[in-house]
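Step one of this worksheet: look at the structure below.
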Amino acid sequence: MHQRALLLLIAQIGLLGTVFSISAQSTTDQVLDPISTTDRLIEALIAKNGLPGVSVAIRQDGELLLAKGYGWADVANESPVTPSSSFRTASVAKVMTATALGRLASQGKLDFDLPISTYVDYLPEHLAMMTTRQLASHTSGIRHYSRGDRLRNRFYGSIEEAVGVFSRVQPQAEVGQEYAYSTHGYTLLSAVIEGASGQAYLDYMQEEIFAPLGMPHSHPDLIADPAPTDVSVYILNNGSARLVRNLSDPSYKWAGAGFRTTPTDLTQMMTAYTNGFIAPEVVEDMFRSAQLNDGTEVQVGIGWRSGFDAFGRSVIEHAGNWEGARSVIVYYPAEKLSIGLMVNARWNSAIEETAHLIAAQFLQPSTEAPNTIREEDELRAVFTNSSGEVLEFSAQLQLTGQGGRLSVDTDREFLQDLPLVYIGYGNVYAAVSTLGLLYLELGSREEEVGKLYFYQNRLTRPPLTSGPILRLKL
């Protein structure tokens, strides 16, 4: 049997749902497999952060390698997360919208560089000359949410009505002058899709994107009429999850943050970028970084952000963080692998890095688990903060085969008491923190003992070239 098919079969019959434990003994000669390692990583994340539920899917060359839920879709009723559980997309909706833009461009119905007034006839002058590319790459100058927006928690019955929320306000910058993230810009793009397609935006997404691509659990987040598969959503508070009872209505921003979906559907969506659903030349254009007027690349194309994972592989990705939702979809173009990861709580975390370290298990052959027993009680942890200030703390490190723990004596919560999980790459472990999974590379006693990295998205170069945030020394 093909190795990937075997891994999927094992996951489906539930034989590898192990829970990470720091007290586990060394497992000499045990061969690691990516699914059991993923189980350990996600179970450790749930325990560390008090996450209610997590769902993950991984697909390569169109083949589903893993689709699995962890924790609770509804905590009070102990309803488990399944691969069919629909999570709030938050801003991952933006690349669902980008997929629609790519499809229309492939059909010759949309030009990314024409003024959007070509497709929408009800815009004021200060919006009319913006282009699809400028809106999709956040270089149009249109602002993000503002206290002046008259959003209210109400349902907007049309895209034109939703555009009216912000259309009277002047842009915050000249077109192409700066990168300025804007969800309102994506509401304008939903109007462009309506004009280019001749269909209502939600109808177009269902009939021309979700249905033909095989995304059965993707739908608008209708507060008044939730789908049976919709998970409950939560706020994290001191390590526990509190239910959000009065959900914000996303009808003013369907295209920017207003859908429900599953990681399985998100990874299925990525087949559109390889099977001709979106033309190859359009895919290349969508993944290419837009430029500001001075030539600076913003590392964002038509919706998609470009960067690197910790191992230097190129990635195309987008994440979201909103009320009751943390989400990400990552695509590795060279490897044709995609990973979707979703949480039913707002979680201020490095979710892109977390997804990268989980995906790493599936991007190299399985290796033997290390037989490393190690204890370092008197380490120096040299920390460099975001301002470049260097601080020093004491630290302790214990390793026991596939696991371990790093403890740093600091008031910075994300560095305190980090469980470690070996991920099959030389001396590399995933450190399980309140920010998600962080890349930890360990050295020998004779050299630097360890280096911990924290990086974010829209990278212009591989993250390890920028140096660690924490160095462990004797």
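Looking at region 223-245, I want the residues that are free of Cβ contacts under 8 Å to residues at least 40 places away in the same chain and have a partner that is open to solvent by 50 Å² or more (accessible area, probe 1.4 Å) and outside any loop (DSSP other than H, G, I, E, B) with Cβ atoms under 6 Å, at least 6 apart or on another chain. Which pairs are those?
Once the first residue is free of Cβ contacts under 8 Å to residues at least 40 places away in the same chain and sits in region 223-245, its partners that are open to solvent by 50 Å² or more (accessible area, probe 1.4 Å) and outside any loop (DSSP other than H, G, I, E, B) give Arg242/Ile235.
Inside region 337-364, can you point out the residues that are under 13 Å from Arg313 (Cβ atoms), among the aliphatic types (A, V, I, L, M) and under 9 Å from the mean Cα position of the chain (by Cα)?
Residues satisfying the conditions are Ile339, Ala355.
Sort out for me the strands (runs of 3 or more DSSP E) sitting completely within region 211-283 that have 1 or more residues that are out of contact with any Leu (no Cβ under 6 Å at 6 or more places or on another chain) and open to solvent by 20 Å² or more (accessible area, probe 1.4 Å).
Working: elements: 234-237, 240-243, 259-261.
Because the criterion is at least 1 residues that are out of contact with any Leu (no Cβ under 6 Å at 6 or more places or on another chain) and open to solvent by 20 Å² or more (accessible area, probe 1.4 Å), the strands (runs of 3 or more DSSP E) in region 211-283 that meet it are 234-237, 240-243.
Pairs, please: C-beta under 7 Å, at least 6 apart or cross-chain, first residue open to solvent by 70 Å² or more (accessible area, probe 1.4 Å) and in region 139-158, second among the hydrophobic types (A, V, I, L, M, F, W, C) and at pLDDT 80 or above?
Arg150/Val165
Looking only at residues in region 74-85 that are of a type in the set (S, T, N, Q) and out of contact with any Pro (no Cβ under 9 Å at 6 or more places or on another chain), which one is nearest to Thr262 (Cα to Cα)?
Ser85
State the number of residues belonging to region 397-422 that are out of contact with any Ser or Thr (no Cβ under 6 Å at 6 or more places or on another chain) and either surrounded by fewer than 24 Cβ atoms within 10 Å (Cβ to Cβ) or assigned to a strand (DSSP E or B) (or both).
Final tally of qualifying residues: 16.
Hey, can you tell me all the residues within region 349-376 that are farther than 17 Å from Pro34 by Cβ and either in contact (Cβ under 8 Å) with a residue 60 or more places away in the chain or aliphatic (A, V, I, L, M) (or both)? Give the derivation first.
So in region 349-376, the residues farther than 17 Å from Pro34 by Cβ come out as 349-353, 371-376.
Of everything in region 349-376, those that are farther than 17 Å from Pro34 by Cβ and either in contact (Cβ under 8 Å) with a residue 60 or more places away in the chain or aliphatic (A, V, I, L, M) (or both) turn out to be Ser349, Ala350, Ile351, Glu352, Glu353, Asn371, Thr372, Ile373, Glu376.
Would you check if there is a residue in region 439-447 being part of a loop (DSSP other than H, G, I, E, B) and closer than 23 Å to Glu43 by Cα?
Within region 439-447, not a single residue is part of a loop (DSSP other than H, G, I, E, B) and closer than 23 Å to Glu43 by Cα.
Check Thr460, Thr400, Thr465 and return the single one that is more than 20 Å from Asp33 (Cα to Cα), among the hydroxyl-bearing types (Ser, Thr, Tyr) and in contact (Cβ under 8 Å) with a residue 24 or more places away in the chain.
Checking each option against the conditions leaves just Thr460.
I'm trying to understand the selection: among the residues of region 51-74, which are part of a loop (DSSP other than H, G, I, E, B) and either crowded, with 18+ Cβ neighbours inside 10 Å or in contact with a His (Cβ under 6 Å, 6 or more places away or on another chain) (or both)?
Going residue by residue through region 51-74, those that are part of a loop (DSSP other than H, G, I, E, B) are 51-52, 61-62.
Within region 51-74, Leu51, Pro52 qualify.
Is it the case that some residue within region 459-468 is open to solvent by 10 Å² or more (accessible area, probe 1.4 Å) and part of a strand (DSSP E or B)?
So far as region 459-468 goes, no, none of its residues is open to solvent by 10 Å² or more (accessible area, probe 1.4 Å) and part of a strand (DSSP E or B).
Could you list, in sequence order, all residues of region 331-360 that are out of contact with any Ser or Thr (no Cβ under 8 Å at 6 or more places or on another chain) and not in a helix (DSSP H, G or I)? Talk me through it step by step, then tell me what you get.
Going through region 331-360, the residues out of contact with any Ser or Thr (no Cβ under 8 Å at 6 or more places or on another chain) turn out to be 335, 337, 345-348, 350, 352-357, 359-360.
Those that are out of contact with any Ser or Thr (no Cβ under 8 Å at 6 or more places or on another chain) and not in a helix (DSSP H, G or I): Glu335, Leu337, Ala345, Arg346, Trp347, Asn348, Ala350.
The values are calculated or read from the model by the stated rules, or taken from the named source; none is laboratory data. The structure displayed is predicted, hence computed values, not measured ones. Quick reminder, even Gly has a Cβ in these numbers, built from the backbone with ideal geometry, and neighbours come from all protein chains shown. Calculation scope for accessible area: heavy atoms of the full protein, side chains included, ligands and nucleic acids excluded. Shrake-Rupley method; radii C 1.70, N 1.55, O 1.52, S 1.80 Å.
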